[in-house]
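One structure is given here, and the rest of the page talks about it.
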Amino acid sequence: MSSERIAQERAALRRVAALVARATPPERVFATVAAEIGQLLGSDLVGVSRYDPDDTVAAVGSWSRNGDGVPFPLGTWVPLGGRNVATLVYETGRPARIDNAADASGRPADYARKRGFGPVVGVPIHVEGRLWGVVMVISLTARPFPPDTEDRLAGFTALVATAIANTQARWELRAFAEEQAALRRVATLVARAAPPQEVFAAVATEAGQLLGVDFTVLGRYEPTGAAIYVAAWTRTGRAFPVGIRVEPGGFNVHTLVFESGRAARIDDYGAVASGSAAHIGRDWGFRAAVGMPISVEGRLWGAVSVASMRAEPLPPDTEERLAAFTALVATAIAQAEAQAALTASRARIVAAADTARRRIERDLHDSTQQRLVSLALRLRTAQLAVPSDAGELSRQLDEVVGGLADAVDELREIARGIHPAMLAEGGLHPALKALARRSAIPVRVDMPVRERYPEPVEIAAYYSVSEALTNAAKHAHATVADVHVASRDGRLHVTVHDDGRGGADPRRGSGLIGLTDRVEALGGQLSLRSPSGAGTTVHLTLPLTTATGSPATAPDAP
């Protein structure tokens with residue numbers, strides 16, 4: 001090889017190497033390599049092609065001496081097979097040549113003959129130990145390429161492989177970072193105990209955008225296998241039918257996941273899918289789909305599925321990438337269920353305590369209090385039989401009668417504190433009015449609507465107001481308090497404000513801690529605002545529905 005030829009080859013390799021070092025996009029590297037090879041080796045055509053999993057070869061870079069590039073346009077793909085350079089390199093992983101076009105066969109050879117191709121030499125492109133593609137030089141004459149052509153091409157294929165590996169590494173790193181960011185956003189929602197519906201919507205969006213699919217659907221299974229769509233995302237811009245119930249059966253990912261408890265995929269949806277879910281998918285243009293189970297504490301809860309409108313299978317790592325999202329969904333569901341169970345348990349404890357209080361109040365009123373009143377009446381009757389000259393005995397009996405009357409009044413107050421009968425009989429409005437009358441400071445009650453509310457709600461509201469008024473008089477030294485009660489948006493809102501000295505701290509045993517537990521057990525919230533010298537405001541909201549979301553039943557009016 002002459003020194004001039006060596007210099008030209010090294011210069012060409014340096015130019016390509018400089019592009020690779022600057023992290024130039026592979027498509028530009030392919031085009032440059034094809035041009036440098038064509039000019040250096042004096043060929044008529046140069047093609048850089050990629051081998052695809054479906055046993056085809058596709059053009060990703062080309063050069064032609066006449067500059068039109070028509071014989072080898074980018075994107076051209078041909079099925080492999082027969083005896084031709086592209087297939088020989090694919091089958092052996094080694095360089096190959098065919099010097100006489102008449103000796104070639106197969107679809108690539110047919111393609112070559114139609115375009116007048118002559119001798120062809122091909123060298124494999126290996127990327128990180130696997131066969132990625134092939135670089136081919138093509139002549140439009142009958143003259144074979146020199147014997148050293150394969151060796152001269154090898155230097156360029158090494159640079160192409162480096163460019164591809166660098167690009168793949170950058171893509172994988174970027175994809176990893178994007179995936180971690182998406183998972184982190186969902187994990188943040190889960191960590192702050194966001195409502196499950198918010199987590200479902202975030203997972204549908206993040207998974208769909210990250211995986212580059214056209215649809216993401218989250219479904220919750222019923223015991224029969226029917227799926228309720230709880231969240232969805234589409235790239236189409238149309239609203240997917242969330243909330244619908246899809247019957248089980250047939251060959252579709254929702255049914256397959258339910259029956260097996262494992263991941264499922266359908267690569268040719270239009271040809272093989274069946275059942276209700278498949279009908280919906282075909283209406284939306286599904287061509288390929290993958291579903292992953294969502295398991296919560298060992299039981300199958302639902303599935304998340306992704307689908308594509310492209311006529312090709314979803315990537316083989318789709319299941320693995322979806323699994324990270326399903327784990328977060330499962331955590332969110334488990335947290336929500338645990339919180340719901342805790343709330344229901346606390347509500348049952350509060351209800352049991354209220355039932356016991358009512359029983360004690362009723363027993364005191366119907367038994368002990370009535371017995372004391374009866375004894376007082378009998379004692380009064382006995383007094384009438386005392387001789388008029390028995391002054392000391394009459395005085396002692398008067399003291400006993402007075403003491404019994406005081407005991408009955410004290411017992412009545414105790415019973416009212418345990419569970420006011422007026423609350424059960426007349427509801428919140430008259431009970432608050434009575435509470436205001438007995439208060440040590442003036443109280444203004446503003447309750448425009450006098451309807452009955454669910455019994456647990458009325459009890460929680462009553463005791464919250466009672467505790468706030470007691471604190472206002474006893475600790476805040478207030479001169480007046482205002483109570484406002486209203487219902488809106490399915491919740492009861494109660495506000496108590498006093499003009500006391502403020503600075504209240506529930507941690508110092510004001511009784512608000514216990515009230516907070518009671519309110520939160522019903523799904524409500526209690527807040528305290530007490531700046532020093534500016535009075536205290538207690539505000540609570542209570543849902544007017546049960547924990548299951550159905551309307552709670554108010555106690556019957558007497």
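List of remarks:
- A single member of ALA112, ALA31 is under 30 Å from GLU312 (Cα atoms), among the hydrophobic types (A, V, I, L, M, F, W, C), assigned to a helix (DSSP H, G or I) and more than 51 Å from the chain's Cα centre (by Cα), and it is ALA112.
- Looking across the stretch 467-490, the residues that are part of a loop (DSSP other than H, G, I, E, B), of a type outside the set (Val, Ile, Thr) and out of contact with any helix residue (DSSP H, G or I) (no Cβ under 8 Å at 6 or more places or on another chain) come down to HIS475, ALA476, HIS477, ASP489, GLY490.
- Pair list, Cβ under 6 Å, 6 or more apart: the stretch 511-524 residue closer than 17 Å to VAL457 by Cβ, other residue in a helix (DSSP H, G or I) and of a type in the set (Val, Ile, Thr): ARG518/VAL350; ALA521/VAL350
- Filter result for VAL190 (part of a helix (DSSP H, G or I), surrounded by 15 or more Cβ atoms within 10 Å (Cβ to Cβ) and touching a residue at least 12 places away in the same chain (Cβ under 8 Å)): yes
- Remark: ARG437 matches the filter, which requires a residue to be in a helix (DSSP H, G or I) and free of Cβ contacts under 8 Å to residues at least 60 places away in the same chain.
- ARG450 fulfils the conditions (1) modelled with pLDDT under 75; (2) surrounded by fewer than 17 Cβ atoms within 10 Å (Cβ to Cβ) except for a single criterion, (1).
- Within the stretch 397-430, considering residues that are modelled with pLDDT of 75 or more and closer than 24 Å to ARG444 by Cα, the one nearest to the chain's Cα centre (by Cα): LEU428
Conditions (1) touching a strand residue (DSSP E or B) at 6+ places or on another chain (Cβ under 8 Å); (2) at pLDDT 85 or above; (3) surrounded by 17 or more Cβ atoms within 10 Å (Cβ to Cβ), marked per residue:
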| residue | (1), (2), (3) |
| --- | --- |
| LYS474 | no, no, no |
| LEU492 | yes, yes, yes |
| THR545 | yes, no, no |
| GLY549 | no, no, no |
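- Tally, over the stretch 58-86, of residues that are over 22 Å from PRO144 (Cβ atoms), of a type in the set (A, V, I, L, M, F, W, C) and assigned to a strand (DSSP E or B): 5
Every residue, every condition in (1) aromatic (Phe, Trp, Tyr); (2) out of contact with any Lys or Arg (no Cβ under 7 Å at 6 or more places or on another chain); (3) outside the structural domain of ILE164 (by TED's automatic domain parsing); (4) modelled with pLDDT under 90, yes or no:
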residue: ARG50; (1), (2), (3), (4): no, yes, no, yes
residue: ASP68; (1), (2), (3), (4): no, yes, no, yes
residue: PHE72; (1), (2), (3), (4): yes, yes, no, yes
residue: LEU88; (1), (2), (3), (4): no, yes, no, no
residue: ASN100; (1), (2), (3), (4): no, yes, no, no
residue: PHE117; (1), (2), (3), (4): yes, yes, no, no
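- Output for the stretch 239-295, where each listed residue is surrounded by fewer than 23 Cβ atoms within 10 Å (Cβ to Cβ) and among the polar types (S, T, N, Q): SER260, SER274, SER276, SER295
- In the stretch 306-331, the residue that is farthest from the chain's Cα centre (by Cα) out of those that are buried (at least 24 other Cβ atoms within 10 Å of the Cβ) and outside any helix (DSSP H, G or I) is SER308.
The values are calculated or read from the model by the stated rules, or taken from the named source; none is laboratory data. Quantities reported herein were computed from a predicted structural model and do not represent experimental measurements. All Cβ positions, even for glycine, are placed from backbone atoms using ideal geometry, and neighbour counts span all protein chains on display.
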